[in-house]
Amino acid sequence: MAKRKRQPDSDPVKSLLPQKRHYRQRAHANPFSDHNLDYPASPDAIDWSTHYPAFAGTGKTPEFADVGCGFGGLLIALAPLFPDTLMLGMEIRVQVSQYVQDRIAALRATTKPETPDAETSSPGPYQNVSIVRANAMKFFPNYFRKHSLSAIFFLFPDPHFKQRKHKARIISPTLLAEYAYALRPGGIVYTITDVLDLHEWMKTHLENFPLFEPVDEETLRSEGKGPILDAVRQSTEEGKKVERNNGDKWLACFRRIEVKRE
Amino acid sequence: MSKFPHTRFFPGRSKAVVISGPEIQVVNSQTGSILCSTANLEGDLRESLLKSGPIRCVDVDNGLRHVVTVGDDKKMKVWDTESLKVLSERELPKKPTEVRFTKDGQTILTADKFGDIFSYPLHPGSETAPTQSSNRPKFVSHDNPSGGKLILGHTSLLTTFLLTKDEKYIVTADRDEHIRVSWYPQGYNIESYCLGHEKFVSALHIPTKSPSKLISGGGDPSLKLWDWYEGRLQTEIRILERVEPYIKIKVPQGKGGRWDEDGDDGEEGGQRGRRRGRKGKGKSKADGNQSETPQPEGITEDMDVQMGDVNEEQKRADQEPELETILAIRRIATVGSSNSGEGPQDLVFSAIGATALFSCPYPGTTTPDTGQETADTIIVVCDLGHPVLDFVVIEDHEEAGALFWVLLDGEWGIRAGADGAPPTKMVRAVRYRNGEFIVLDEGSESPLLSSLNSTAVLSATPAQLSSLDLYAALSSLPKNTHADHDPMDRSETGSALGDSSSTKLGGKHMGKLKTRMALAAAMSESKQLKPAEQMEEDQRDGKKLKQGE
């Protein structure tokens, strides 16, 4: 590997966006430990207006949840596409979630609205995205009410290769119940990974879960979700890395359905 | 000679089952004579019983025909109460925290420390082969040695659970403050959550007379009353101040739960490095001891010897860790009927390590004397002098009131020495009527109760007694985190740049601060970059990243 070249610090006034190299952190976190997490006791305890000040008073709550959002690539890509949909990223690593926080703050401050007279309609760029440092495996229902989400994203999650670590994977039969609870019927779960093993794992468990049914890319595109699929593939840091290395990406999407009592 | 306190008691019309340490005894309810006891087992059977250790989880079916027990060895045993023969033995995937029979006695449900609920038929054989040996082991998410059916799972230790009256829903509670209501047996369908607890939940109760309500308690200062179907909090009953003085079992401060061994693994790497770097500097090490999980006593002492410059005060604190009072509700029950006939009249509850039984009016009813709402609930206390391990409602009459049998840790306080102390009672009878407790005296004891305090009390070795670990939950349930430390709190941003101490924080930190300050400055000048410039910025960022990798 080539030796890392340190670039001299650029003029601080010029670089208003946070720099990833200041926020590096090892890629894994133990989802089972207590951590020093600050989380709401229930969705009722959240003041979303601190996350989305431009939407204060609208009563809106997040509709897209990006679980393990990493450096926030998906959120940033989707924000301008769905300016009226609130999106929340969840990331357990302190440094990485701080990066996304700083990134969103900087983008909100430095991006000009695309149309000059935007004041009337759109609340301004990137006002609809936010991030929480959270352990989604433990506290997903603390953030989202029943059926409040229309999309949940699991993009390039930690593969936890060792069999004895499989229990720490973000998709498991028992956790799917929590995602299904928050997702409204008709809502979509997007999964993508470059690890074939993990792809098969996620696909198998989602297919076997009674509240989800597979939905193919074509159908989603015909429903106008093409831009979302493109963002899922290309917008994240992991996605770009896989592309650079000419790796494969495995996409699998599922729709939330309802079942009857036995 | 030490004695086993009784940890659980299941009364029935003709016979009763009592659990003490590793032993099960079946007692005649009328005469108190012991019908059957595992203490009489011999040879291999006895050995295997003792090997399983103290019974941690137990339940008895409605007709008192079967007992299900699990000890420390994760072996679930089903016993027949006629002969105390083991009908089946099944290995559970994880250590259980609660086992329960369904109403018909044909199914056993287990809750475990990994957070899962499994269902097993009463008699093994009908279930499918263990999934471990299935041909696609790589998709197995849960070890399942005995082929149990996975009903649901939390990502947290399950503390307790129950089925609703109609057995169509299962209510599960965990160490991370959640109460989940799922369909039963279709546990994948979550109906609601009862969220609002800020500490672990350790006790749940659905009143027979008001089956749409749920009462929960745990480490929080209040009990909570819910409409469980809607997941709506209805009212709270503040109990902490009344209960606290009776909690006699204290635990070393900050002694963390068993899931915390790996600590804050997810914290930034830099912090770990810094921590490492601090080692060897005596002064900061002492700080470290305070802010992190205390070491077991012996080890801390060792380190003190090595570190000359630790001050005396610190030393003393390390040697005798400060004891903490932890509230953990053990059991909640309801008795009587309200004046309106809808719902129960009173709530009765106990807390782990507390020497008393507590009661208060069932919320929603009003106290007849003052007409006050339950906001200032009057909590009646019945101090029994020894930690209450459990209690059982023996009868609940309209006129005579309720009768409780309270299981006590009769050995508590004697253990320290004093062999000649008079034997303490392991079970006391308490009458509760019109908001008053009356501890019944010895003369009025039924033959069964006398027997529970005499012939049914079994000897224990000190090692067996200490392995009971009756109050372990007080240490393992609270979280091992520090409320004041929020890693996401970055309020230092504004001033830290000029502060010389912050320069120790390293280049990464300084870099972040610089960028943030730059942004703040730009904002105040209301300077705005054009989108194009910003894109450039983004790309440059990406390139740097590439080089870094």
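Readers should treat all values here as calculations from the given coordinates under stated rules, not as data from a laboratory. Values in this document were obtained by computation on a predicted structure and should not be read as measured data. Here the Cβ positions follow ideal geometry from the backbone for every residue, glycine too, while neighbour counts run over all protein chains shown.
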Fill in the blank from the handout: Cβ-Cβ cut-off under 11 Å around A:Leu88, Lys and Arg +1, Asp and Glu -1: the net charge is -3
Practice task
Starting at the first residue of segment A:185-195, write each ³J(HN,Hα) from the Karplus equation 6.51 cos²θ - 1.76 cosθ + 1.60 with θ = phi - 60°, in whole Hz, x for Gly and Pro.
Solution key: x, x, x, 10, 9, 9, 10, 8, 7, 9, 9
Exercise for the section: Putting +1 on Lys and Arg Cβ atoms and -1 on Asp and Glu Cβ atoms, find which of B:Val140, B:Ile55, B:Thr81 reaches farthest to the positive end of the dipole of segment B:33-164. Expected result: B:Val140
Fill in the blank from the handout: The long-range amide H neighbours of B:Ser202, using H built 1.01 Å from N in the peptide plane and a cut-off of under 5 Å, are B:Gly217, B:Gly218, B:Gly219, B:Ile329
Handout entry: Hz values of 3J(HN,Hα) by residue in segment B:333-346 - Karplus curve (6.51, -1.76, 1.60), Gly and Pro given as x
Key = 9, 10, 9, x, 10, 5, 4, 6, x, 9, x, x, 9, 9
Handout entry: Whole-Hz ³J(HN,Hα) from phi, Karplus 6.51 cos²θ - 1.76 cosθ + 1.60, for segment B:424-435, glycine and proline x
Key = 8, 6, 8, 9, 10, 9, 10, 9, 10, 8, 6, x
Handout entry: For residues of B:509-519, the mean tally of beta carbons on other chains within 10 Å
Key = 6
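How many lysine pairs in segment A:99-251, separated by 8 or more positions in sequence or lying on different chains, have Cα atoms less than 14 Å apart?
Taking segment A:99-251 as the scope, the lysine pair count is 4.
Please give the charge dipole size of chain A, origin at the Cα centre, charges +1 on K and R Cβ atoms and -1 on D and E Cβ atoms. Round to the nearest 20 debye. Display every interim value, and only then the final one.
Numbers: 36 positive and 32 negative charges, 228 e Å.
Computed charge dipole of chain A: roughly 1100 debye.
Where the only charges are on Cβ atoms (+1 Lys, Arg; -1 Asp, Glu), what is the dipole of segment B:34-165 about its Cα centre, to the nearest 20 debye? If you can, show how the numbers build up before the last one.
Numbers: 18 positive and 17 negative charges, 83 e Å.
Dipole about the Cα centre, nearest 20: 400 debye.
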Completion exercise
Rounded to a whole number, the mean other protein chain Cβ count within 10 angstrom for residues of A:166-178 is 5
Problem - Other protein chain Cβ atoms within 10 Å, averaged over every residue that makes up B:185-198 - result: 5
Practice task
With a ≥ b ≥ c taken as the square roots of the eigenvalues of the C-alpha gyration tensor of segment A:148-198, please select rounded if a/c is under 1.5 and otherwise prolate if a/b is larger than b/c or oblate if it is not?
Solution key: oblate
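Classify segment B:144-211 from the C-alpha gyration tensor, please: rounded if a/c falls under 1.5, else prolate or oblate depending on whether a/b exceeds b/c.
Oblate, because a/c is 1.5 or more while a/b does not exceed b/c.
Order B:36-45, B:322-331, B:145-154 from most to least packed using the mean count of other Cβ atoms within 10 Å. Each step should come with its number before you reach the end.
On the way: B:36-45: 14.5, B:322-331: 19.0, B:145-154: 21.5.
Descending mean neighbour count gives B:145-154, B:322-331, B:36-45.
Hey, got the dipole for segment A:79-200? About the Cα centre, +1 on K and R Cβ, -1 on D and E Cβ, debye to the nearest 20?
680
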Practice task
Give the relative contact order (percent, whole number) for segment A:109-237; include only Cα pairs under 8 Å separated by 6+ residues.
Solution key: 23
Fill in the blank from the handout: When the charge dipole of segment A:154-262 is computed with +1 on Lys and Arg Cβ and -1 on Asp and Glu Cβ about the Cα centre, the Cα farthest towards its positive end, among A:Trp250, A:Leu155, A:Gly226, belongs to A:Leu155
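Quick one: grab the alpha carbon gyration tensor of segment B:56-115, order the square roots of its eigenvalues as a ≥ b ≥ c, and give me rounded if a/c is under 1.5, else prolate or oblate depending on whether a/b is larger than b/c.
Values: a/c = 2.36, a/b = 1.44, b/c = 1.63.
Oblate shape, in that a/c is at least 1.5 and b/c is the bigger or equal ratio.
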Problem - Mean Cα-pair separation over length for chain A, i.e. relative contact order, pairs under 8 Å, 6 or more apart, % - result: 20
Problem - Whole-number percent relative contact order across segment A:11-94, with pairs defined as alpha carbons under 8 Å at least 6 apart - result: 26
Completion exercise
XL table B:Lys74/B:Lys149; B:Lys15/B:Lys209; B:Lys250/B:Lys425; Cα-Cα > 24 Å flagged, in table order, is B:Lys15/B:Lys209
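What are the equivalent ellipsoid semi-axes of segment B:16-97, built from the alpha-carbon gyration tensor (square roots of five times its eigenvalues), in whole angstrom, biggest first?
Details: eigenvalues 84, 41, 23 Å².
Gyration-tensor ellipsoid for segment B:16-97: 21, 14, 11 Å.
Within 13 Å, Cβ to Cβ, of B:Pro221, how many net charges do the neighbouring residues add up to if Lys/Arg are +1 and Asp/Glu are -1? Could you put the intermediate results ahead of the total?
Numbers: positive: B:Lys199, B:Lys224, B:Arg238, B:Arg242; negative: B:Glu198, B:Asp220, B:Glu236, B:Glu241, B:Glu244.
Here the count lands on -1.
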